[in-house]
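For reference, the structure discussed in these notes is given below.
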Amino acid sequence: MNLSNLKLPRDLIQKNGVKMLIYGGAGTGKTRSILTAPRPVLLAVEQGLLSLQNENVPVFDIHYNITPNMNPAERLNKKLANIVEFFDWLERSAEAKQFDTVYIDSISEISTLVLESELPKAKDPRQAYGELADKVLKWVRLLHQLPNKHVAMICKQEMVNSNNINYYQPSFEGQKLYKEITHLFDEVFRFQPKRFRTPQGMQEFMVCSTKNMQDYLARDKSGKLAEDEPQDISAIINKIMA
């Protein structure tokens, strides 16, 4: 090792890109936010892409090459194989270099598919949840460590009751996944509607909430974002990396 190996944090951030976990309720703009991201590519795990049907966004659909004559187990195995194919392409293909931002919609659904695959193999359900955590975390860490790529992992939202307070957080199969993934990401955003006072009176806007609150999880370790930002991923990335 020599002094040339030492880098400033901002230089490493420029090289590694911004890695984000985005969650929220249905219809809060999670999927459509890809339209504001720099040169994005989307891994579509869920089939709800109506909000993008008229947009020019490159999508890899895990349901491709699934035929009506396949039984449920074959369809599940094909979906998982397609996910592996996408991650392999992302990591190894020269074609993937043309994209600056990787969207996963959603990592929650990936965890559900993996658990569905593992439960029939396990004598003890705890074993299945262990395999679930190992497999999904392997993919999450691959994405988190991708150089020169921004990553936005979309999650479903769940509500838990904590000390008689309804608390909103990203949803995963298994507590280990929740703890590991939410701990891994420096940027955790909740997409939600909020009301603001304007010259025309109180109006509702969809926002990207970045600060942890009593009733929901959010995080911005860069310290550069406002409590509520517009749902503009390029603008958020530029603020963090400035």
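Can you run down the residue pairs with Cβ atoms below 8 Å, 6 or more apart or on separate chains, where the first is in region 102-120 and without any contact (Cβ under 8 Å) to a residue 12 or more places away in the chain and more than 20 Å from Tyr23 (Cα to Cα) and the partner is surrounded by 19 or more Cβ atoms within 10 Å (Cβ to Cβ) and of a type in the set (A, V, I, L, M)? Pairs found: Leu119/Ala128. The strands (runs of 3 or more DSSP E) located wholly in region 164-242 that include 1 or more residues which are charged (D, E, K, R), at pLDDT 95 or above and within 15 Å of Met153 (Cα to Cα) occupy 187-198. Each residue in region 170-212 was checked for being of a type in the set (A, V, I, L, M), within 14 Å of Ser108 (Cβ to Cβ) and without any contact (Cβ under 8 Å) to a residue 12 or more places away in the chain, and 0 pass.
Of everything listed in (1) surrounded by fewer than 12 Cβ atoms within 10 Å (Cβ to Cβ); (2) in contact with a strand residue (DSSP E or B) (Cβ under 6 Å, 6 or more places away or on another chain), the single unmet condition for Val59 is (1).
Kindly indicate the residue of region 39-56 that is modelled with pLDDT of 90 or more, in a loop (DSSP other than H, G, I, E, B) and touching an Asp or Glu at 6+ places or on another chain (Cβ under 6 Å) and also surrounded by the fewest Cβ atoms within 10 Å (Cβ to Cβ) among those meeting that condition. Result: Arg39.
The values are calculated or read from the model by the stated rules, or taken from the named source; none is laboratory data. Worth saying up front: this structure is predicted, and the values here are computed from it rather than measured. Here the Cβ is made from the backbone with ideal geometry for all residues, glycine too, and neighbour counts use every protein chain on show.
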